[in-house]
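**Student:** Take this structure first; my questions come after.
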Amino acid sequence: MQTAQKPQVSRGEAAFGHRLPNGNLICDLCPRFCELAPGERGWCQTRFNRRGRLWSANHNWLSILQFGRIESVPLVQYASGGIVLKLGSFGCNFVPQAERESFGAEVGSGRSFYPRDLANICMSLVKQGCIGAAFVYAEPLMWYEFLMQSAMLLKKCDMRVILATAGFVNQRPLQELLPYVDAVRFDLFAFDSAFYRNNMHVSFAEVLLALRMLALSDVHLEVTTPLLPGQNDAPEDIARIAAYLAQNYGPDIPYHLMLPPGQPSLTQMPPEEKERIMCCADAAGSILHRVYIS
Ligand code: SF4
């Protein structure tokens, strides 16, 4: 644990925590169950013990806000052509601190922003085709309080709520959120518990539990594998994921291979990298019916 520095963002009390007899707090949002002494901040950098109460450091704090077509989430079998507000704060519970920048999860600049601001912007853009908000940057579940409050408000305004997550979260927070979510992009990096343990320091079993809960719910679900060169981009890695998805959720589940960070499109990639990705797509396409390179 790290000692909390002077808070640099707006804060709010956090949900899902309990107190130990020694006075420390346990955060129950994700399976890390960080134990926090007063002044300490959790692994994700977003939740901390402030004088015996659990607080969220990124509550009502916006790091990035963009417009985009829903296909850019990517979701391709849902609300085709719709415009969404894509947004995020800082906070990530699965990528090591040193690597967070490439996932947009670093603690950094931003501005205060409230759920009603988000709802107002969405409503003002309905005529331009806006259908709702997509919480897609860093790990949105580490922005839980803002996400939940915004989702409830957006549903009241008849707007859609879209979530992108790597699914390392406890069952109860996810269950409580689901009634307010319409569609999910689930990032499944590998079908390999050693990959998750060694690269992301999380339990693969917990990730699969979250995926199962989503697949059995009413939300529209698409699965994505963000390709990390040399780590999860061998065709046999992708075939293992595809086989698991087909066996458990049927071969029609939409599946995306997401190009590595910094690679804008397949056509601009060096030939050998492009060939590798095409081999991955072929491996997935031999098992699943709806495979996309995003
Ligand atoms: S949400 Fe953050 S503070 Fe809470 S258990 Fe997970 S990593 Fe730790």
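The values are calculated or read from the model by the stated rules, or taken from the named source; none is laboratory data. This is a predicted model, so every value here is computed, not measured. Virtual Cβ from ideal backbone geometry, glycine too; neighbours counted across all protein chains shown. Ligands, DNA and RNA are stripped out before the accessible areas are found, and what is left, the full protein with its side chains, is counted by its heavy atoms. Shrake-Rupley method; radii C 1.70, N 1.55, O 1.52, S 1.80 Å.
**Student:** List the aspartates and glutamates whose Cα lies under 17 Å from the Cα of residue 274, skipping any in the same chain that are fewer than 8 positions away.
**Tutor:** Those aspartates and glutamates meeting the cut-off are 233, 236, 237, 282.
**Student:** Also: With the full set of protein chains in place, find how many percent of the accessible area of the chain is carbon and sulfur; take the probe as 1.4 Å.
**Tutor:** Reported share for carbon and sulfur atoms: 50 percent.
**Student:** Residues of the chain: accessible area per residue at 1.4 Å, in Å²?
**Tutor:** 44
**Student:** May I pose another question? Run the quick spin-label model on residue 20 and residue 201: label points 7 Å from Cα toward the beta carbon, then report their separation in nm to one decimal.
**Tutor:** Taking the simple label geometry, residue 20 and residue 201 are separated by 1.7 nm.
**Student:** Then there's this: Once fully extended, how much extra length lies between residue 13 and residue 111, figured as 0.36 nm per residue of separation less the alpha-carbon to alpha-carbon distance?
**Tutor:** Length gained, residue 13 through residue 111: 33.4 nm.
**Student:** Can you list the aspartates and glutamates whose alpha carbon is less than 16 Å from that of residue 156, not counting same-chain residues fewer than 8 positions off?
**Tutor:** Here the aspartates and glutamates satisfying the reach criterion relative to residue 156 are 117, 182.
**Student:** Restricting to Cα atoms and excluding each atom paired with itself, what does the Kirkwood estimate give for the chain in Å?
**Tutor:** Here the Kirkwood hydrodynamic radius works out to 19.6 Å.
**Student:** Which FRET efficiency, nearest 0.05, do residue 289 and residue 263 yield, Cβ-Cβ r, R0 22 Å?
**Tutor:** Here the calculated transfer efficiency is 0.30.
**Student:** Turning to a different aspect of this structure: Using 0.36 nm per residue of separation minus the Cα-Cα distance, give me the extension gain between residue 273 and residue 158 in nm, one decimal.
**Tutor:** So the extension gain works out to 37.1 nm.
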